[in-house]
Amino acid sequence: MVPRSTYQRLLGYAGWLVVVLILGFLILPAAVVTIAAFNDKAILSFPPQAWSWRWFERALAYPDFRAGFHNGLIVTAWSSSIALVIGSMFAFVIDRYRFALKATIEGILVSPLVIPHFTVGLGFLILAAQIGWSRGFAVVVICHVILVLPFVLRSVYVSLRNLDPSYELAAASLGATPLRVLLTVTIPLLLPGLVSGWLFAAILSFNEFTASLFVTSQRTQTLPVAMYNYVREFADPSMAALSVMYIAGTAALIAFANRFLGLGKVLNIEQSH
């Protein structure tokens, strides 16, 4: 018979192998795109025969990409900030109070996680047409708020669950009003969760494509939509170069958040102390 410790080691090796395969499956496309971005030829191919930075320069100088980046910043700033306010209020109410239809409301708030984004985008397109709205920034922002709200709600709710209520009780026992407790104790303690929720909402909003394709126009198109329109007409490595910048920027933001905010605790992966 094989000793139990041998089975445990074999299971451990198998687990590591599965993790490596999954990581390889996820990283390999990004690695191929990164290498292809440095191709000197005016066609997207792999592997490159010669190396060049010119497609990065073209991606940065292309007018539609620059306009899409500017529009994306506007939409991201508004949608993530609005989602942070709304999501934080809902998270606080869901965590602190009991009321009728609580589970139903919570389910509605997180429903964008399971509803296809093209359905949300198409629904907002039909709604905007019915009420006479053009596909301006207001429609795009509202659509993005709906899509990123569950992530803000989750981040703030987990931070509230990890919050030690004794701090709030101590402040209240010393004569602080509920508003003062909220402003001076609760919100500062929730700050990592609030910032993380805003950051995740901003990243998701800036990268949102499927719903944005329905609700944006030429004047309000975001960068992912501009990239889609570009690839319909051109096949050069500019898209790969822009994708590399996307990956690097997103990775830098997540690393920054993990370093200074501790995403493991915010997302309830690690236990807070």
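Hydrodynamic radius of the stretch 74-133 by the Kirkwood approach over all distinct alpha-carbon pairs: 13.7 Å.
The magnitude of the dipole of the chain, with charges of +1 and -1 set on the Cβ of Lys/Arg and Asp/Glu and taken from the Cα centre, is near 300 debye. For the chain, the alpha-carbon coordinates run over 75, 71, 32 Å along the three principal axes, in decreasing order.
Helices in the chain, meaning DSSP H runs of at least 4 residues, each add -39500 (n - 2.57). Divided by all residues, the mean residue ellipticity at 222 nm is -24500 deg cm²/dmol. If I model a spin label at Ile105 and Phe46 as a point 7 Å from the Cα along the Cα→Cβ vector, what separation in nanometres do I get? The answer from the label model is 4.8 nm. Largest accessible area first, the residues Tyr7, Tyr228 order themselves as Tyr7, Tyr228 under a 1.4 Å probe with ligands, DNA and RNA left out.
Computed from the C-beta positions of Thr184 and His70, the FRET efficiency with R₀ = 35 Å rounds to 0.40. Convex hull of alpha carbon positions in the stretch 96-167: directionally averaged projected area 6.7 nm². Value of Rg to Rh for the stretch 51-188, rounded to two decimals, is 1.13; Kirkwood radius and Rg both from alpha-carbon coordinates. With Rh defined as the Kirkwood radius, the inverse of the mean 1/r over Cα pairs, the Rg/Rh of the stretch 160-234 is 1.35. Among the trypsin sites (Lys or Arg not before Pro) found in the stretch 77-149, those both in a DSSP coil and sparsely packed, with 12 or fewer other Cβ atoms within 10 Å of their Cβ, are Arg98.
Under the rule a/c < 1.5 gives rounded, and otherwise a/b versus b/c splits prolate from oblate, where does the stretch 1-102 land using the Cα gyration tensor?
Oblate.
Can you compute the FRET efficiency between Arg54 and Trp16 using 1/(1 + (r/R0)^6), with r the Cβ-Cβ distance and R0 = 41 Å? Round to the nearest 0.05. Result of the calculation: an efficiency of 0.50. Here is the list for the stretch 66-98: chymotrypsin sites (Phe, Trp or Tyr not before Pro) lying in DSSP coil, each with at most 14 other C-beta atoms within 10 angstrom of its C-beta, are Tyr97. These residues, Asp236, Asp164, go from largest to smallest accessible area, 1.4 Å probe, as Asp164, Asp236. When you restrict to C-alpha pairs under 8 Å that are six or more residues apart and normalise by the size of the chain, the relative contact order lands at 30 percent.
At 0.36 nm per residue, minus the direct Cα-Cα distance, what do Ile27 and Ala138 gain on full extension? Give it in nm, one decimal, please.
So the chain would gain 36.4 nm between Ile27 and Ala138.
Treating each Cα of the stretch 1-46 as an identical point scatterer and summing with the Debye formula, the log10 of I(q)/I(0) at q = 0.16, 0.20 Å⁻¹ comes to -0.59, -0.71.
Based on the alpha-carbon gyration tensor of the stretch 118-273 and its eigenvalue square roots a ≥ b ≥ c, which shape applies: rounded if a/c is under 1.5, prolate if not and a/b is larger than b/c, or oblate? All intermediate terms of the calculation are to be shown ahead of the outcome.
On the way: a/c = 3.58, a/b = 1.77, b/c = 2.02.
The shape class here is oblate.
For Met227, the accessible area of its heavy atoms, probed at 1.4 Å with every protein chain present, is near 20 square angstrom.
Which whole-number percentage describes the relative contact order of the stretch 1-56, with Cα contacts under 8 Å and a sequence gap of 6 or more?
Computed value for the stretch 1-56: 20 percent relative contact order.
Looking at the stretch 165-243, the trypsin sites (Lys or Arg not before Pro) that sit in a DSSP loop and have at most 14 other Cβ atoms within 10 Å of their own Cβ are Arg219, Arg232. Fully extending the segment from Asp164 to Asp95 would add 23.5 nm, taking 0.36 nm per residue of separation and subtracting the current Cα-Cα distance.
Short-range pairs are left out: with C-alpha atoms under 8 Å and at least six residues apart, the relative contact order of the stretch 72-214 is 45 percent.
The values are calculated or read from the model by the stated rules, or taken from the named source; none is laboratory data. Every value quoted in this text rests on a predicted model; they were computed, and no experiment measured them. No Cβ is skipped: glycine too gets one built from the backbone with ideal geometry, and neighbour counts run over all protein chains shown. Please note that ligands, DNA and RNA were not included when accessible areas were found on the heavy atoms of the full protein model with its side chains. Shrake-Rupley method; radii C 1.70, N 1.55, O 1.52, S 1.80 Å.
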